[in-house]
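Below is one structure, written out as structure tokens; the observations come after it.
The values are calculated or read from the model by the stated rules, or taken from the named source; none is laboratory data. Keep in mind that this is a model prediction, so the values were computed, not measured. Every residue, glycine among them, receives a Cβ derived from its backbone with ideal geometry; neighbour counts consider all protein chains shown.
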Amino acid sequence: MTLKVAYIGIGIMGRGMARNLLRKGFPVTVFNRTRAKAEALVADGATVASSAAEAAAAADVVITNVPDSPDVEAVVAGPGGVLETLRPGAVVMDHSTISPEVTRRLARLVEARGGAFLDAPVTGGEKGAAEGTLTIMAAGPKAAYDRVRPILEAEGTNLVYVSTENGAGQVLKLINNTMLATYLGAYAEALVMARKAGIEPQTLVQVLGAGLGKSGLGDVKWPKLVSGDYTPSFFLRLHDKDLGLAMEAARAFGCVMPVGSAVAQLFRAGVQMGFGDLDNAGVARVVDAMNGLEPPGKGGSAPGRSSI
Amino acid sequence: MAKTLGFIGLGIMGKPMAGHLIDAGYTVHLHSRSGVPDELVKKGGKPARSPAEVARAADIIITMVPDTPDVEAVLFGPSGLAEGLSKGKIVVDMSSISPVATKAFAKRLADMGVEMLDAPVSGGEVGAKNATLTIMVGGKPSVFDEVKPLFEKMGKNITLVGPSGDGQTCKVANQIIVALTIEAVGEALLFASKAGADPARVRQALMGGFASSKILEIHGERMIKRTFAPGFRIALHQKDLNLALESARALGVSLPNTATCQELFNACAAHGGAGWDHSAMVRALETLANHPVAGD
């Protein structure tokens, strides 16, 4: 029997993921705070609900994919939230990246309603979401994981069951995003050094984008870095949020994070400098500013002054 | 008529501070989780079984405990101060805790007709013993004026910074400067030592110059003489920098070197050094240099 899906949160990721599920034959009811974004999926066959509770009422699997911990708390446990209508035996699967601690609290609330909770953050970006090629790291009861497996298989190609303990999926995602942030910081520095040395950015990428330096992240981000076009696929401000959560978790585990903590401060600066709505590769704007450089594309490869 | 006092938390800092108040002739009711030191009882301090008992007996109650949850427990926990407080009494929290939580505590006490000052200190064990603490206060000017004579028995540089919470904000700022200066002194002495210079002579030479500081003087000496018994424990400074970094996150301030110093403290803690004096931050740098400032 086909699982009935509620998809809450139609952002950059949610849009592609919900559309992909519809294409693969799942009945999907969608809810989004800004209704127009949900309406955009009607043409793909989605039913639009006017609250999270309404979306969840008939669902076997309720998927949430919203920006931050308080947002997940609101759509699950707030007024008009999922808990008001959740069917016993239903699974709430959170694809957002949020606090492991909040995750555990929500899991207990869902269980108290007779449901099961999976924290299942994803990585793979906008492209992976739309094409169903995401990496998904899930934690929670194994039975719930097995139940939603057909959905996971539609959403992603690299499915990782992390632990029976809720929150472990989020911790793994925070590790992943901390590492990606350090890559971006390193890319930005590399580009500055090349520009100041008079090496063309394209020449730099020809080397760094191949060999041992080649990475999935680089494939997507180098074009942005070289052109200075930071049209967002992942907002810098959300990456900043993740780094805050990551440092909090690192502290709880007694980790020493000399690199991650430094990069976290750069992302913090990015938000304060007004780059929060740029792509996360826009952290390069912070490094550029520290270097007195305009972003590439504006100042070209020639060093120019920016207003720091 | 002299006010009757209470003092809760008689650790490294609290014990000498309470001692000064007793020496000045005040009646001081005492309570500490780890028991009241005999020394204070011999001076004339009055041991009490709970914070509530202290609150019933005293007009002005000072608290000096490690962390935000400890203050909360002393104030509002079972047998806490709140059970014994009444209108007109004053609570003076000299612990270093969250500015945000402080404002909430002050509000809850105000609802009971009780005034609160946040009055964290700087100057360490030495300052506490010599009654030379720097005291940074948040609260109402009238309450500050009333408590000021007590502060003068414990400290020298006493400032009303602003309304409730501002004392703690000021203390967080202080802890940022202290941590980064310890780091700077550590790097400098390590550099000098690895270059072959005698770090003790380098310290001596720099003490009169532009780079001179209390931290070069006191913590620099600790790094050279390897006296890492606290003092001020790394675990407490980690707590303070966590307050700094969490507040900075909420405020949207990038504090790159505060973050780095916290990682160096974390590295010490990971090596079992949470109980070392904070000057032992230099040990994390020494590991990276594979060279000690001076032999143990």
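Quick rundown of the values:
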quantity	calculated
Test: residue in the stretch A:48-58 that is crowded, with 21+ Cβ neighbours inside 10 Å, free of Cβ contacts under 8 Å to residues at least 40 places away in the same chain and touching a strand residue (DSSP E or B) at 6+ places or on another chain (Cβ under 7 Å)	no
Selection count, the stretch A:236-285, where residues are within 26 Å of B:Cys268 (Cα to Cα), surrounded by fewer than 21 Cβ atoms within 10 Å (Cβ to Cβ) and acidic (Asp, Glu)	1
Residue under evaluation A:Gly89, criteria (1) of a type outside the set (Val, Ile, Thr); (2) touching an Asp or Glu at 6+ places or on another chain (Cβ under 9 Å); (3) in a strand (DSSP E or B), criterion not met	(3)
Strands (runs of 3 or more DSSP E) within the stretch B:32-145 that include 1 or more residues crowded, with 17+ Cβ neighbours inside 10 Å, among the β-branched types (Val, Ile, Thr) and under 22 Å from the mean Cα position of the chain (by Cα)	B:60-63, B:90-93, B:133-138
Residue match in the stretch B:213-221 (condition: assigned to a helix (DSSP H, G or I), at pLDDT below 95 and not β-branched (Val, Ile, Thr))	yes
Residue, nearest to the chain's Cα centre (by Cα), within the stretch B:242-261, restricted to residues that are within 7 Å of another protein chain (Cβ to nearest Cβ) and of a type outside the set (A, V, I, L, M)	B:Asn242
Qualifying residues in the stretch B:264-286 (those that are surrounded by fewer than 22 Cβ atoms within 10 Å (Cβ to Cβ) and within 10 Å of chain A (Cβ to nearest Cβ)) - the one nearest to the chain's Cα centre (by Cα)	B:Ala274
Selected residue [at pLDDT below 95 and within 14 Å of chain B (Cβ to nearest Cβ)] from A:Ala252, A:Ala246, A:Ala210	A:Ala252
Hits in the stretch A:136-171 - residues which are buried (at least 19 other Cβ atoms within 10 Å of the Cβ) and in a strand (DSSP E or B)	A:Ile136, A:Met137, A:Ala138, A:Ala139, A:Gly156, A:Tyr161, A:Val162
Residue satisfying condition, being outside any loop (DSSP other than H, G, I, E, B) and in contact with a helix residue (DSSP H, G or I) (Cβ under 8 Å, 6 or more places away or on another chain), within set A:Ala284, A:Ala289	A:Ala284
The lone exception for A:Asp288 - which of (1) surrounded by 22 or more Cβ atoms within 10 Å (Cβ to Cβ); (2) farther than 17 Å from B:Leu264 by Cβ; (3) within 11 Å of chain B (Cβ to nearest Cβ) it fails	(3)
Pairs with Cβ under 6 Å, 6+ apart, first in the stretch B:180-200 and within 11 Å of B:Glu286 (Cβ to Cβ) and modelled with pLDDT of 95 or more, second among the charged types (D, E, K, R) and part of a helix (DSSP H, G or I)	none
Qualifying residue in the stretch B:166-184 (condition: part of a loop (DSSP other than H, G, I, E, B) and either closer than 19 Å to B:Phe232 by Cβ or among the polar types (S, T, N, Q) (or both))	no
Extreme residue, farthest from the other protein chains (Cβ to nearest Cβ), among residues of the stretch A:222-235 that are under 17 Å from the mean Cα position of the chain (by Cα) and surrounded by 17 or more Cβ atoms within 10 Å (Cβ to Cβ)	A:Ser233
Failed criterion for A:Arg15 (all others in (1) in a loop (DSSP other than H, G, I, E, B); (2) buried (at least 22 other Cβ atoms within 10 Å of the Cβ); (3) among the basic types (Lys, Arg) hold)	(1)
